[in-house]
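Shown next, in structure tokens, is the structure this report addresses.
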Amino acid sequence: MGKLVVAPHMRLHEWVAVEKGYFEKVGLDCDLQDQLLSAAGVKHDLGDRVGAYQTFERGRTCDVSSACHWTVNVAAASGHGRLYSKAYSVAPCGVFVPADSDVKRPEDLAGIPVSAGFQSGSHYSTIQALEPFLAPEEIELSFGDGLLFKRMERLIDGEVPAASLFSGPYYFVQQLGFRKVVDSSFMMAALVADDAKPGDVEKFFEALRMAQTDIDTRPELYTHYYREEFPERFRDLMDTRFFGPGERIVFEPYTREIFESSRAWISERGIFEEGIGSRTYEETVHAAAAGPRLN
């Protein structure tokens, strides 16, 4: 049986696959390791301008991990792993403010710092969501408030006026009464280590495909798994009956067109001053083996 070390990413699929025995069904020993130590909050306060991309630069000690597709795109093109091109996912995301905030519409965010993760999904998606409403110079992002759970905490504690949140935190702040000003849902992708076995990677995604069907059919049976990655401080406050299915994996290709158009979008906005990598699409994509599809 193959063994794969995987970093869960605030989604339900890996937990459902464990519960249902899907990893065993496909012949895979899957070791879930939290690369960001979300529950303890240890790595979710990494300081200004340190986000998802920088964690790839420093090296994640796992075979498969996820982040927004923009960051995975650049990380793979820069030689920090390979892009898994046979699936992507879409995560619900939004910019939230306190219920009593004067910010009522996206236009009201002009000049208001929105807490986001530097070169992380919340960085790109907030720009993308606000561009129809604001001029570029009116969009203000704050990168010093930590990664996902840390900025959620600071929003709840009244330390930031607005924050971009996705997946479990997205549902949690809604449960607490925070208001979504604009939707900023975005695409995720997977980064595969250069030495990961292609057949094991295929088995992993086959198990997630089966888990996706369960989540689509009865999401309320599995939303309790959000607690697995939440900081302990908030777990007793969470009522996951209010939570939705979260990130949804789409088993369609991450094509060369998506790869190239996304890189053009990043370049036009100058998000990576140091460059976006020189690998071509063919050089970037993980050479996944075609595995059997189980039913």
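The values are calculated or read from the model by the stated rules, or taken from the named source; none is laboratory data. What you are looking at is a predicted structure, and each value in this text was computed from that prediction instead of being measured. Counting neighbours? That spans all protein chains shown, and the Cβs are built from the backbone with ideal geometry, glycine included. Ligands, DNA and RNA are stripped out before the accessible areas are found, and what is left, the full protein with its side chains, is counted by its heavy atoms. Shrake-Rupley method; radii C 1.70, N 1.55, O 1.52, S 1.80 Å.
The listed residues are E252, E247, and the only one of them that is farther than 20 Å from A75 by Cβ and under 19 Å from the mean Cα position of the chain (by Cα) turns out to be E252. Out of curiosity, is A211 open to solvent by less than 10 Å² (accessible area, probe 1.4 Å), small (G, A, S), more than 24 Å from F149 (Cα to Cα) and in contact (Cβ under 8 Å) with a residue 40 or more places away in the chain? Yes, satisfied.
Number of residues in segment 137-167 that are in contact (Cβ under 8 Å) with a residue 12 or more places away in the chain and in a helix (DSSP H, G or I) equals 11.
Segment 62-104 holds strands (runs of 3 or more DSSP E) entirely within its bounds, and those carrying 2 or more residues that are touching a helix residue (DSSP H, G or I) at 6+ places or on another chain (Cβ under 7 Å), crowded, with 24+ Cβ neighbours inside 10 Å and in contact (Cβ under 8 Å) with a residue 60 or more places away in the chain map to 64-68, 93-97.
For (1) assigned to a helix (DSSP H, G or I); (2) modelled with pLDDT under 95; (3) of a type in the set (V, I, T); (4) open to solvent by 20 Å² or more (accessible area, probe 1.4 Å), each residue gets a yes or a no:
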{"residue": "Y226", "(1), (2), (3), (4)": "yes, no, no, no"}
{"residue": "F234", "(1), (2), (3), (4)": "yes, no, no, no"}
{"residue": "M238", "(1), (2), (3), (4)": "no, no, no, no"}
{"residue": "G246", "(1), (2), (3), (4)": "no, no, no, no"}
{"residue": "I249", "(1), (2), (3), (4)": "no, no, yes, no"}
{"residue": "E252", "(1), (2), (3), (4)": "no, no, no, yes"}
{"residue": "E257", "(1), (2), (3), (4)": "yes, no, no, yes"}
{"residue": "S261", "(1), (2), (3), (4)": "yes, no, no, yes"}
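Scanning segment 184-195 turns up one or more residues that are surrounded by fewer than 22 Cβ atoms within 10 Å (Cβ to Cβ), of a type in the set (A, V, I, L, M, F, W, C), touching an Asp or Glu at 6+ places or on another chain (Cβ under 8 Å) and assigned to a loop (DSSP other than H, G, I, E, B).
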